[in-house]
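The structure appears below as structure tokens.
What follows is calculated from the coordinates using simple rules that are stated; it is not laboratory data. None of these values were measured; they are calculated from a predicted model. Neighbour counts are summed over all protein chains in view; Cβ atoms, including those assigned to glycine, are modelled from backbone coordinates with ideal geometry.
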Amino acid sequence: MRVVVDLDLCEGNARCVKAAPEVFALNDHDGVDLLMTEVPESLREKVLDAERKCPRCAIKLEG
Ligand code: SF4
């Protein structure tokens, strides 16, 4: 599974960071950095949880 964040939508509230800190990290520009783009199976549920919790629908999952 591949993960992408639309930084134009992201408001930096860090809900994704709390849900999946292995994948998302806050940056200094009120947005998030991806620590990886290809998500291993072991982190799949956490990233799905992050997607569900993003109030801006900024997280897109492919595959
Ligand atoms: S949950 Fe969504 S809006 Fe909040 S920091 Fe993560 S990607 Fe950005």
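Starting from the Cα-Cα distance between residue 45 and residue 26, subtract it from 0.36 nm times their residue separation and give me the gain in nm to one decimal.
Value of the extension gain: 4.8 nm.
For the chain, what's the relative contact order in percent, using C-alpha pairs closer than 8 Å and at least 6 residues apart?
Taking the mean separation of contacting Cα pairs over the length of the chain, I get 48 percent.
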Surface/4 of the Cα convex hull for the chain, nm²: 3.6 nm²
Residue 13-residue 1 pseudo-label distance in nm [points 7 Å out on the Cα-to-Cβ vector]: 2.1 nm
Neighbourhood net charge (14 Å Cβ-Cβ; Lys/Arg +1, Asp/Glu -1) for residue 4: -3
Principal-axis tilt of helix 44-53 within the chain, Cα atoms, nearest 10 degrees: 30 degrees
